[in-house]
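Only one structure is covered here, and it is reproduced in the block below.
The values are calculated or read from the model by the stated rules, or taken from the named source; none is laboratory data. Worth saying up front: this structure is predicted, and the values here are computed from it rather than measured. Neighbour counts are summed over all protein chains in view; Cβ atoms, including those assigned to glycine, are modelled from backbone coordinates with ideal geometry. To get the accessible areas, we keep the full protein, side chains included, count just its heavy atoms, and leave off ligands, DNA and RNA. Shrake-Rupley method; radii C 1.70, N 1.55, O 1.52, S 1.80 Å.
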Amino acid sequence: MKLILVDPSKPAGAARLALLAARLEIERGWQKRQALAIEHLPDPLDAAVQMVERENEALVLDAACNRHAEIKAALQRIDEGTWGVCEGCGETIPPKRLTALPWASCCILCAEAAEQQEVGA
């Protein structure tokens with residue numbers, strides 16, 4: 001295990017702490033979800049409700065997996081010294097955006113452009 005000293009007074013240090021806290025929260029959520037038991041219910045209505053609940057849990061888990069990957073990538077960018085630089089245009093990501101979304105890899109303009117491409121695809 002690699003020991004990394006963090007200076008929370010610096011933006012990257014504060015971001016690292018926020019990212020690690022977010023990653024821990026996601027991983028704790030995974031542990032709670034693993035504890036859920038799948039019941040086989042004889043009543044078709046109860047079984048249908050359970051199926052919908054499981055599908056919702058799957059969507060939440062999928063979103064958590066995506067966020068976990070974004071956090072892991074952001075921690076890697078901090079280690080590489082590229083955190084805070086937009087992967088789309090190479091410009092500096094505004095500090096307010098990084099404070100709100102420390103895992104952000106793109107500035108707002110590039111993120112919106114990527115979102116438009118996804119919607120159009």
Residue hits (the stretch 76-88; assigned to a helix (DSSP H, G or I) and buried (at least 16 other Cβ atoms within 10 Å of the Cβ)) are Arg77, Ile78
Listed by first then second residue, the pairs whose first member lies in the stretch 77-88 and is in contact (Cβ under 8 Å) with a residue 24 or more places away in the chain, whose partner is surrounded by fewer than 13 Cβ atoms within 10 Å (Cβ to Cβ), with beta carbons under 7 Å and at least 6 positions apart or on separate chains, are Gly84/Thr92
Exactly one of Ala111, Ala104, Ala63 is at pLDDT 95 or above, closer than 30 Å to Gly13 by Cβ and part of a helix (DSSP H, G or I), and that one is Ala111
Inside the stretch 21-45, the number of residues satisfying the requirement of being modelled with pLDDT of 70 or more and either open to solvent by less than 70 Å² (accessible area, probe 1.4 Å) or closer than 25 Å to Arg77 by Cα (or both) is 11
query = Does Ala73 satisfy the criteria of being modelled with pLDDT of 90 or more, under 18 Å from Pro11 (Cα atoms), open to solvent by 60 Å² or more (accessible area, probe 1.4 Å) and of a type in the set (A, V, I, L, M)?
reply = no
Scanning the stretch 102-121 for residues that are of a type in the set (Val, Ile, Thr) and surrounded by 13 or more Cβ atoms within 10 Å (Cβ to Cβ) gives Ile108
Those residues of the stretch 89-101 that are surrounded by 14 or more Cβ atoms within 10 Å (Cβ to Cβ) and assigned to a loop (DSSP other than H, G, I, E, B) come to a total of 3
Of the listed residues (Ala48, Ala58, Ala18), the one being at pLDDT 85 or above and open to solvent by less than 60 Å² (accessible area, probe 1.4 Å) is Ala18
